[in-house]
Amino acid sequence: MDYLKIQNLSSNTGNFLLNNINLDIQKNEYFVLLGQSGSGKTMLLETIAGLNPCSGNIIYKGNDISLIPTEKREIGFVYQDFALFPNLNVEENIRFSQKYKNIEDADELFKDIVDFLKLENLLERSTQDLSGGEKQRIAIARALFSRPKILLLDEPLSAIDPTFRNAIMKSLKDIHRRYDVITIHVTHNFREASYLADKIAIIMDGEIKQVGDAKDVLNQPANIEVAKFLGFKNIFPAKMLGYESSSKVYSVDPNIIRVAKNGELKTDYVFEGVVDECMGIVDHYKLFVKVKQHQFFIKILKRDYEGCYADRTKIIQIGFDKKDISFI
Amino acid sequence: MFFLSVPIIKIFIGVGSEKLLETIKDGEAIDSIILTMKVSAWAMVFVLFTGLPLAYVIARYDFYGKSVVESLIDIPVMIPHTAAGIALLTTFGDTNIGEFFKFFGIEFIGTEYGIMIAMMFLSAPFLINSAKDGFRKVDVKLEKTARTLGASPINVFVRITIPNAKKDIINGALMMWSRGLGEFGAIVILVYHPMTTPVLIFDRFNSYGLSYSAPLAAVIIGFSMLVFLIVRFITNRL
């Protein structure tokens, strides 16, 4: 049985439409909702939390919770900017739900969360002068203390110093397991998604474009739009490889395309093209090569070849193997 | 600065400390100051209960006719106060509305209730507009988060929204109160007796001249300045 099932969920706030969302989330699944800014990610989380009017159903363990008011839904919400209550200190923030919910073994749970998230020294402090990481831990602690069944995280890593992100991502996975919650984590960063997610849904313009196991979604995008968003490069018609279908496209990783000047390439596919541009970056060169009307983007590591491989307007060969192609 | 400060300084110098002390000991003057302070405070408390929800609705929601509602709130600030007094008299005087309230034992002509509605009508916009600005500054995500943590909309309003807008609410409330202290035009039309301080100053000036009204004017100016300093002190410490 699906733990959380979202069926035909739609919400219209006047200037944005969340259209017919369907998602199935299993127990202990870390679910990542991936989408660009303005794609409706936050709105979907708020709709699941009951903060927006909606049609459709949200079924948790077989019970439809879509008509239950937000305060009774048992959902924890952590916003991108953490939304700590400025009028309360850190401990009062964490314990906020205690006044409204019957929390079993509240003191024990409080101690456990405070220990786990290393908040002992912050409890008496005001929320005003804390770092992004401290605020994030407090916001998560506050949400967990309310004993939620579902934890909604809205871009929780975007305000965190990049040097701490990996450690925090590990903590997020630990929290998910330790407190036995369904986690829906929203992000625009597909690297973050690939690290955390068991399952990924891609949201664009208020619609789910693809959903599935993280590995499948990240390696086999359902369409060009999703592929581009996931960072796929060199997306061209399969026709140029000799395939008949006019609608099919393929993508090839810029790191595995090989280059040569004198026709010595022994790859499955070899094309002749003109160098459009060569740009030197920290540890690699970006080479742009025009093959007929298509411009290939190729990365050449500096350790493999020092200097631009060829000057602009020079003709070179590029090549790649069949096994390195992803069809979209 | 000269224009703003000299008349204030002049009235204190002109009156002198002896007459000021005499006025402070004058029963009629003190009664009028207490009456003015008390009724203005009641008007403020009444608007705190009724005006804060209105200010919140305006700050948070878009609805048909919102700009009309906002304009209606601002109208009392723009119209002459004596005209406001006439408008209140024709509404709450010898009319059906007046009769309706009379049924519950509330009369507006010549009573403290009359003073209160005159003060409310003309100074409520200070509180409502200030609270509206304060509510707008409260991040709506705080309220949404509080809901997910189990608080009902009313609990959120009381525990999150109001405390985080308190600076503007207190500022607006004190401004409304101090503005109520100075109300004259509307009150004098609705309620000549019992006399609020501004009415008493007017009455003494008319009946006995400047030397008899100036000390009372100095006392109420001093008092208004004290209120102003308290407002500043409190808002700076919040």
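The values are calculated or read from the model by the stated rules, or taken from the named source; none is laboratory data. This is a predicted model, so every value here is computed, not measured. With ideal geometry, Cβ positions are generated from the backbone for all residues, glycine too; neighbour counts draw on all protein chains shown. Accessible surface areas use protein heavy atoms only, side chains included; no ligands, DNA or RNA. Shrake-Rupley method; radii C 1.70, N 1.55, O 1.52, S 1.80 Å.
Being within 14 Å of another protein chain (Cβ to nearest Cβ), in contact (Cβ under 8 Å) with a residue 24 or more places away in the chain, open to solvent by less than 40 Å² (accessible area, probe 1.4 Å) and polar (S, T, N, Q) narrows it down to one of B:196, B:161, B:145, so name that one.
B:161
Could you check how many residues of region B:164-193 are surrounded by fewer than 22 Cβ atoms within 10 Å (Cβ to Cβ) and over 15 Å from the mean Cα position of the chain (by Cα)?
Here the count works out to 7.
For residue A:116, work out the one condition from (1) of a type in the set (Phe, Trp, Tyr); (2) out of contact with any Leu (no Cβ under 7 Å at 6 or more places or on another chain); (3) open to solvent by less than 30 Å² (accessible area, probe 1.4 Å) it doesn't fulfil.
Only one criterion in (1) of a type in the set (Phe, Trp, Tyr); (2) out of contact with any Leu (no Cβ under 7 Å at 6 or more places or on another chain); (3) open to solvent by less than 30 Å² (accessible area, probe 1.4 Å) is unmet by residue A:116, namely (3).
Pick from A:225, A:207: which is in contact with a Lys or Arg (Cβ under 9 Å, 6 or more places away or on another chain) and of a type outside the set (Gly, Ala, Ser)?
Result of the check over A:225, A:207: A:225.
Looking at A:234, A:262, A:255, A:223, which is the one that is out of contact with any helix residue (DSSP H, G or I) (no Cβ under 7 Å at 6 or more places or on another chain), loosely packed, with under 13 Cβ neighbours inside 10 Å and within 29 Å of residue A:196 (Cβ to Cβ)?
A:255
If only one of B:36, B:50 is open to solvent by 40 Å² or more (accessible area, probe 1.4 Å) and under 18 Å from residue B:175 (Cβ atoms), which one is it?
After ruling out the rest, the residue left standing is B:50.
Mind listing whichever residues of region A:41-54 are within 13 Å of the chain's Cα centre (by Cα) and away from chain B (no Cβ under 14 Å)?
Step one: of region A:41-54, the residues within 13 Å of the chain's Cα centre (by Cα) are A:41-42.
Result: A:41, single match.
Please find, among A:130, A:123, A:172, the residue that is modelled with pLDDT of 90 or more, away from chain B (no Cβ under 14 Å) and over 15 Å from residue A:83 (Cα atoms).
A:123
Please indicate, with yes or no, whether at least one residue in region B:191-208 is touching a helix residue (DSSP H, G or I) at 6+ places or on another chain (Cβ under 8 Å), assigned to a helix (DSSP H, G or I) and within 30 Å of residue B:147 (Cβ to Cβ).
No, region B:191-208 contains no residue that is touching a helix residue (DSSP H, G or I) at 6+ places or on another chain (Cβ under 8 Å), assigned to a helix (DSSP H, G or I) and within 30 Å of residue B:147 (Cβ to Cβ).
Has region A:146-163 got any residue that is at the interface with another protein chain (Cβ under 9 Å from one of its Cβ atoms), free of Cβ contacts under 8 Å to residues at least 60 places away in the same chain and of a type in the set (A, V, I, L, M, F, W, C)?
Taking every residue of region A:146-163 in turn, none turns out to be at the interface with another protein chain (Cβ under 9 Å from one of its Cβ atoms), free of Cβ contacts under 8 Å to residues at least 60 places away in the same chain and of a type in the set (A, V, I, L, M, F, W, C).
Test of understanding: among A:281, A:208, which residue is modelled with pLDDT of 90 or more and touching a strand residue (DSSP E or B) at 6+ places or on another chain (Cβ under 9 Å)?
Numbers: A:281 fails: modelled with pLDDT of 90 or more.
From the options A:281, A:208, the qualifying one is A:208.
In region A:13-52, what residues are surrounded by 15 or more Cβ atoms within 10 Å (Cβ to Cβ), at pLDDT 95 or above and among the polar types (S, T, N, Q)?
Matches in region A:13-52: A:47 only.
Hey, could you check region B:128-142 for residues that are touching an Asp or Glu at 6+ places or on another chain (Cβ under 7 Å) and either at positive phi or buried (at least 21 other Cβ atoms within 10 Å of the Cβ) (or both) and say which is nearest to the other protein chains (Cβ to nearest Cβ)?
Selected residue: B:134.
State all residues of region A:55-106 that are facing chain B (nearest Cβ under 9 Å), more than 25 Å from residue A:27 (Cα to Cα), more than 26 Å from the chain's Cα centre (by Cα) and assigned to a loop (DSSP other than H, G, I, E, B); if no residue qualifies, say none.
Residues satisfying the conditions are A:85, A:86, A:87, A:88, A:100.
Taking strands (runs of 3 or more DSSP E) that do not extend beyond region A:134-226, which have at least 1 residues that are within 15 Å of the chain's Cα centre (by Cα) and within 30 Å of residue A:93 (Cα to Cα)?
Per the criteria, A:150-154, A:182-187.
Out of all the residues in region A:86-95, is one or more crowded, with 17+ Cβ neighbours inside 10 Å and within 26 Å of residue A:197 (Cβ to Cβ)?
no
Taking residue A:294 as meeting all but one of (1) in contact with a strand residue (DSSP E or B) (Cβ under 8 Å, 6 or more places away or on another chain); (2) open to solvent by 40 Å² or more (accessible area, probe 1.4 Å), write down the number of the exception.
Here residue A:294 meets the rest and fails (2).
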